[in-house]
Amino acid sequence: MRRKLLAWFDQNAREMPWRSDPQPYHVWVSEIMLQQTQVATVLPYYRRWMKSFPTVADLAAADEAELLRHWEGLGYYRRVRSLHAAAKQIMERHGGEFPLDFESVLALPGVGRYTAGAVLSISAGAKLPVLEGNTQRVYSRWIALRRPPSDPSATRLLWDVAQAMLPHRGASSGTFNQAAMELGALVCTPTGPDCDSCPVRAHCQAAKQELQTEIPGKIKRLRYEDRTEFALIVDRKRRRETEYLMRPLPEGGRWAGLWDFPRPTEVGTETVDQAASWLAEQLGVPVDHGPRLRTLRHAVTRYRISLHIHRARLSEATSMADPPPTPWQWVRLSHLDQLPMSTTGRQIHAYLQDNRQPLLPLG
DNA sequence: AATACGGGGCA
DNA sequence: TGCCCAGTATT
């Protein structure tokens with residue numbers, strides 16, 4: 001069974017840059033990027049990252065803003081902040097050498113049982129199991145597990161199966177783990193598994209009982225929630241260049257460390273007037289707003305968001321000349337390239353670049 | 001045990 | 001629109 005899967009992997013594995021030189025640092029970075037993110041999305045990010053931060057020491061010494069700029073668009077930004085903190089931990093506790101014992105790896109911020117097992121099995125051949133979306137599905141079908149994988153007893157059982165599957169000798173557990181994940185990604189897919197092409201079909205309990213489309217059971221369905229949000233564009237002219245009012249988002253909240261246009265982060269901002277009042281309170285001066293410039297629609301996790309973009313103005317002319325209160329700053333248009341932003345923040349930036357001149361005066 | 005995380009791809 | 005993606009940390 002293992003031999004067949006490994007032979008299939010040898011023939012069908014996709015090229016991935018972290019596979020050609022699987023140092024612990026390479027595998028670690030790739031695994032963090034791959035959390036909740038597909039391989040194709042990760043590839044360009046990974047290449048650019050390794051060009052900029054080729055070693056743990058480079059990562060530890062980097063500016064957080066630069067790291068966030070490299071991560072921009074991948075989402076789940078806590079991942080990159082944890083990566084940074086973990087690199088510093090490796091410098092302090094392990095002299096800059098990536099630790100190779102399970103407990104030390106598990107102690108790194110942002111690393112759980114899956115990632116620790118993946119890094120050590122793939123980079124060092126450690127006999128450690130992995131369980132994630134793909135292997136959860138593959139092993140559930142393998143043993144025709146009726147319980148949904150989210151059930152804690154199912155999770156425990158699947159970790160045990162993943163452990164028992166590992167090769168006793170010869171082939172590396174890392175290769176086996178990757179083969180199982182690759183099988184899940186290419187053959188044993190969530191819908192329409194291609195059992196005819198499966199190298200281990202003969203051993204699969206779900207296929208034997210024709211249950212492969214019923215297993216794994218449905219994970220409880222999520223309720224989607226509609227949200228309305230507002231962003232306010234406040235600009236001023238300085239030395240022939242437009243500047244925009246922006247702020248870095250505070251520690252601990254969503255998008256921590258990213259820069260954003262004025263956008264209320266509290267839930268319950270239902271109207272643009274409320275958004276303007278929020279900004280007025282932030283700045284200590286009255287704010288009025290213009291008509292809607294456009295609306296961006298996007299979806300993240302369980303939210304369907306309509307983001308209304310309006311122009312706004314500080315109604316006291318003097319306040320435009322003063323430095324705004326912390327954390328607000330005037331940022332030159334040409335400097336926005338350097339600042340890390342969310343995807344929607346970057347879309348607003350693109351909009352401002354495309355419509356540099358007009359942004360008609362407020363009604 | 002449930003939820004936040006705030007991006008993207010695909011049917 | 002709904003679901004999934006090489007999950008982890010927090011509450």
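The values are calculated or read from the model by the stated rules, or taken from the named source; none is laboratory data. These figures come from a predicted structure and were not determined experimentally. Cβ sites come from the backbone with ideal geometry, for glycine too, and all protein chains shown count toward neighbours. For the accessible areas, the whole protein counts, side chains as well, though only heavy atoms, and no ligand, DNA or RNA atoms are used. Shrake-Rupley method; radii C 1.70, N 1.55, O 1.52, S 1.80 Å.
General remarks:
- Residue-by-residue Karplus 3J(HN,Hα) for the range A:273-278, coefficients 6.51, -1.76, 1.60, Hz, glycine and proline x: 5, 5, 4, 5, 5, 4
- Fully extending the segment from A:Arg3 to A:Arg146, taken as 0.36 nm per residue of separation minus the present Cα-Cα distance, adds 48.8 nm.
- For the range A:18-102, the convex hull spanned by the alpha carbon atoms encloses 95 Å³ per residue.
- Scalar couplings 3J(HN,Hα) for the range A:345-353, obtained by applying the Karplus form with A = 6.51, B = -1.76, C = 1.60 to θ = phi - 60°, are x, 5, 5, 5, 4, 4, 4, 5, 5 Hz; x denotes Gly and Pro.
- Note on A:Ala57 and A:Ala40: the model spin-label points, each 7 Å out from Cα along the C-beta direction, lie 3.9 nm apart.
- Checking every one of the GluC sites (Glu not before Pro) in the range A:1-94 against DSSP loop status and a limit of 12 other Cβ atoms within 10 Å picks out A:Glu15.
- The range A:245-329 - accessible surface per residue (Å², probe 1.4 Å): 52
- For the range A:225-354, diffusion coefficient by Stokes-Einstein and Kirkwood Rh (Cα), 10 °C, 1.306 mPa s, µm²/s: 106
- Carbon + sulfur, % of accessible area of the range A:287-327 - ligands and nucleic acids excluded, 1.4 Å: 52
- Within the accessible area of the range A:2-208 (1.4 Å probe), percent carbon and sulfur: 50
- For A:Arg332, distant residues with modelled amide H under 5 Å away: A:Tyr244
- Calculated FRET efficiency, A:Thr326 to A:Leu106, Cβ-Cβ distance, R0 = 45 Å: about 0.75 to the nearest 0.05.
- Dividing the mean sequence gap of close Cα pairs (under 8 Å, 6+ apart) by how many residues the range A:78-148 holds gives a relative contact order of 20 percent.
- Approximating the spin labels as points 7 Å out from Cα along Cα→Cβ, the A:Ala65-to-A:Glu97 distance works out to 3.6 nm.
- Sorting A:Tyr303, A:Tyr25 by accessible area puts them as A:Tyr303, A:Tyr25; the probe is 1.4 Å, largest comes first, and only protein heavy atoms count.
- Placing a label point 7 Å from the Cα of A:Arg48 along the Cα-to-Cβ direction, the residues of the range A:70-85 whose backbone N falls under 19 Å from that point are A:70-84.
- For the pair A:Arg227 and A:Glu316, a Förster radius of 30 Å applied to the C-beta separation gives a FRET efficiency near 0.40, rounded to the nearest 0.05.
- Contact order for chain A, expressed relative to its length and based on alpha carbon pairs under 8 Å spaced 6+ residues apart, stands at 15 percent.
- Shape call, the range A:80-175: gyration tensor on alpha carbons, a/c limit 1.5: oblate
- Normalised by 2.2 N^0.38 Å, where N is the number of residues, the alpha-carbon radius of gyration of chain A equals 1.20.
- Extension gain for A:Glu15 to A:Arg113 (0.36 nm times residue separation, less C-alpha to C-alpha distance): 32.8 nm.
- Computed over the range A:120-252: relative contact order in percent, which uses C-alpha pairs under 8 Å that are six or more apart: 29
- Quotient of Cα Rg and 2.2 N^0.38 Å for the range A:2-208, N being how many residues it contains: 1.04
- For A:Ala231, the residues 5 or more places off, or on other chains, whose built amide H falls under 5 Å of its own are A:His308, A:Ile309, A:His310.
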